[in-house]
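Written out below as structure tokens is the structure these notes cover.
The values are calculated or read from the model by the stated rules, or taken from the named source; none is laboratory data. Since we're looking at a predicted model, the values are computed, not measured. Backbone-built Cβ (ideal geometry, glycine too); neighbour counts: all protein chains shown.
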Amino acid sequence: MQIAVTFRHMETDEGVRDYVKEKVQRLQKYVDNPREAHVVLSVERFRHIAEITITGDGVLLNSQGKDSDLYAAIDQMVEKMERQAKERRQKRRKRPSAFSVKSFPQREAAVESQEGIAVSPMIKRRRTLAKPMSLEEAVAQLNRAQRDFLIFINSDSREVNVVCRAKDGGVEWVEPRAK
């Protein structure tokens, strides 16, 4: 991991730079594949501020420490970052994979969807784009795509329709309508 230390409104000090690098290297064990860490040390009146940004594989973590003592601000910054990285790692471990085969038998209770409706854990949600097109265009798309069905918005009725392959080799058109 590359560690960059920037000093603002204060003199560059190699002892402080080494202290920061030593402290930040401890954070490597909590972040997967950290690429770089950028630490900014600054002074505002009588207060020292230490800020850190760590970038890794799809992750960006930030932390800040403020104290009248520079070393205390650095320690505070590192402690906050360590706590943040640990929490992130624990959340990632607890989260089950979205719809793995192993998770189906264990999940007996119904799961609530975003709309607040109870949905069985056996149901897998997949979103698809429904493009406006005519029935003829939908049948042509179905034949080109080599899929079993195609969901589309009927350009005549402006409602969601489905065309699917019938068992006899033909095409079925599903058009919903209210009673």
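In the stretch 123-140, is there at least one residue being touching a helix residue (DSSP H, G or I) at 6+ places or on another chain (Cβ under 6 Å), surrounded by 10 or more Cβ atoms within 10 Å (Cβ to Cβ), assigned to a strand (DSSP E or B) and modelled with pLDDT of 85 or more? If you could, list the steps in order and put the result at the bottom.
Taking the stretch 123-140 first, the residues touching a helix residue (DSSP H, G or I) at 6+ places or on another chain (Cβ under 6 Å) are none.
Scanning the stretch 123-140, I find no residue that is touching a helix residue (DSSP H, G or I) at 6+ places or on another chain (Cβ under 6 Å), surrounded by 10 or more Cβ atoms within 10 Å (Cβ to Cβ), assigned to a strand (DSSP E or B) and modelled with pLDDT of 85 or more, so the answer is no.
Can you pull out every residue in the stretch 54-86 that is touching a Phe, Trp or Tyr at 6+ places or on another chain (Cβ under 8 Å) and more than 16 Å from Val31 (Cα to Cα)?
Ser68, Tyr71, Ile74
Please give the number of the condition Asn62 fails out of (1) under 14 Å from Lys80 (Cβ atoms); (2) crowded, with 19+ Cβ neighbours inside 10 Å.
Failing condition for Asn62: (2).
Quick one: would you say Ala4 is more than 14 Å from Ala73 (Cα to Cα) and touching a residue at least 12 places away in the same chain (Cβ under 8 Å)? Spell out the reasoning first.
Values: more than 14 Å from Ala73 (Cα to Cα): yes; touching a residue at least 12 places away in the same chain (Cβ under 8 Å): yes.
Yes, satisfied.
Scan the stretch 72-93 for residues that are of a type in the set (Asp, Glu) and either surrounded by fewer than 16 Cβ atoms within 10 Å (Cβ to Cβ) or free of Cβ contacts under 8 Å to residues at least 40 places away in the same chain (or both) and report the count.
Going residue by residue through the stretch 72-93, those that are of a type in the set (Asp, Glu) are 75, 79, 82, 87.
Narrowing further to those that are either surrounded by fewer than 16 Cβ atoms within 10 Å (Cβ to Cβ) or free of Cβ contacts under 8 Å to residues at least 40 places away in the same chain (or both): 79, 87.
Final tally of qualifying residues: 2.
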